[in-house]
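I have placed the structure first, in the form of structure tokens, so that the comments after it can refer back to it.
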Amino acid sequence: SQKIEQNSEALNIQEGKTATLTCNYTNYSPAYLQWYRQDPGRGPVFLLLIRENEKEKRKERLKVTFDTTLKQSLFHITASQPADSATYLCAQDFGNEKLTFGTGTRLTIIP
Amino acid sequence: EAQVTQNPRYLITVTGKKLTVTCSQNMNHEYMSWYRQDPGLGLRQIYYSMNVEVTDKGDVPEGYKVSRKEKRNFPLILESPSPNQTSLYFCASSYYGTGPYEQYFGPGTRLTVT
């Protein structure tokens, strides 16, 4: 079955720095990746979607890049704040809205 | 307010006692899905539905049933729950068609089977 890998289970970043999370996806085309934020005990909340023909997508302090050669997406949070602490999930869309999720990266921003 | 609701939010039950977790959305979405989330395993899809009366198995369908009689509702049925179905369950919905589309998740149902 398809597998999405988020390399880091946990990541600690100093407040104000840029947090970078990695997602490795499978060789399925066209590739669409979605990023979600999940707070403890709550449902995931959609953040960004990127298509394989898009190199980069931005939303406020968030940026997602797509490297089709490496089959990798990077998720960046610039000027990180303690309120950004959460688990971030990467998901690949295999068509017909069927999403396969990675196990997530738990991000902690240290004041 | 656009939302996905689930009930109950917390449930403790015993092995073999049939239960239903309800899910409802008010966004007129065609697509609805159930996931379970377990530590170290992430979110795994149980069943999904592309529209009324159209459902299909996800990655972990064993021990679960679903039905889609109305567009807004997508209940999850555990006919004979077992302890390995203890988990956090999420319902999600989205548009369906020439996507991709973001999915909207419910608040979750924490189920414990003893």
In the range A:83-97, anything open to solvent by 30 Å² or more (accessible area, probe 1.4 Å) and modelled with pLDDT of 85 or more is listed as A:ALA83, A:SER85, A:THR87
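Identify, please: which residue in the range A:40-61 is farther than 20 Å from A:LEU99 by Cα and not charged (D, E, K, R) and is, among those, farthest from the other protein chains (Cβ to nearest Cβ)?
A:PRO40
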If we keep just the residues of the range A:33-56 that are within 18 Å of A:THR105 (Cβ to Cβ) and open to solvent by 60 Å² or more (accessible area, probe 1.4 Å), which is nearest to the chain's Cα centre (by Cα)? A:VAL45
Just to be sure, is A:PHE75 within 14 Å of chain B (Cβ to nearest Cβ) and aromatic (Phe, Trp, Tyr)? no
So, B:PRO61, is that one modelled with pLDDT of 95 or more, of a type outside the set (S, T, N, Q) and surrounded by fewer than 20 Cβ atoms within 10 Å (Cβ to Cβ) or not? yes
Give me the residue from the range A:50-62 that is under 19 Å from A:THR78 (Cβ atoms) and part of a strand (DSSP E or B) and, out of that set, modelled with the lowest pLDDT. A:ILE50
Looking only at the range A:6-17, which residues are modelled with pLDDT of 90 or more, within 16 Å of the chain's Cα centre (by Cα) and open to solvent by 50 Å² or more (accessible area, probe 1.4 Å)? A:ALA10, A:ASN12
Does any residue in the range B:29-48 that is touching a residue at least 60 places away in the same chain (Cβ under 8 Å) and over 11 Å from B:LEU88 (Cβ atoms) come within less than 6 Å, Cβ to Cβ, of a residue that is surrounded by fewer than 20 Cβ atoms within 10 Å (Cβ to Cβ) and hydroxyl-bearing (Ser, Thr, Tyr) six or more places away or on a different chain, and which pairs are these? B:HIS29/B:TYR95; B:GLU30/B:TYR96; B:TYR31/B:TYR96
Within the range B:61-93, which residues are in a strand (DSSP E or B), more than 14 Å from chain A (Cβ to nearest Cβ) and free of Cβ contacts under 8 Å to residues at least 60 places away in the same chain? B:LYS65, B:VAL66, B:ASN73, B:LEU76, B:ILE77
Quick one: is B:TYR95 among the aromatic types (Phe, Trp, Tyr) and crowded, with 20+ Cβ neighbours inside 10 Å? no
Could you list all residues from the range B:100-111 that are over 14 Å from A:GLY41 (Cβ atoms) and either of a type in the set (Ser, Thr, Tyr) or more than 10 Å from every other protein chain (Cβ to nearest Cβ) (or both)? B:TYR101, B:TYR104
Test B:TYR101 against the stated conditions and say whether it is touching a Ser or Thr at 6+ places or on another chain (Cβ under 6 Å), open to solvent by 30 Å² or more (accessible area, probe 1.4 Å) and at pLDDT below 95. yes
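Which one of A:THR65, A:THR108, A:THR100, A:THR20 is part of a strand (DSSP E or B), open to solvent by 10 Å² or more (accessible area, probe 1.4 Å) and at the interface with chain B (Cβ under 9 Å from one of its Cβ atoms)?
A:THR100 is the lone residue from the list that is part of a strand (DSSP E or B), open to solvent by 10 Å² or more (accessible area, probe 1.4 Å) and at the interface with chain B (Cβ under 9 Å from one of its Cβ atoms).
The values are calculated or read from the model by the stated rules, or taken from the named source; none is laboratory data. As the structure is a prediction and not an experimental result, all values here were calculated from the model. FYI the Cβ positions are ideal-geometry reconstructions off the backbone, even for glycines, and counts take in every protein chain you see. Surface areas here come from the heavy atoms of the whole protein model, side chains and all, with no ligands, DNA or RNA. Shrake-Rupley method; radii C 1.70, N 1.55, O 1.52, S 1.80 Å.
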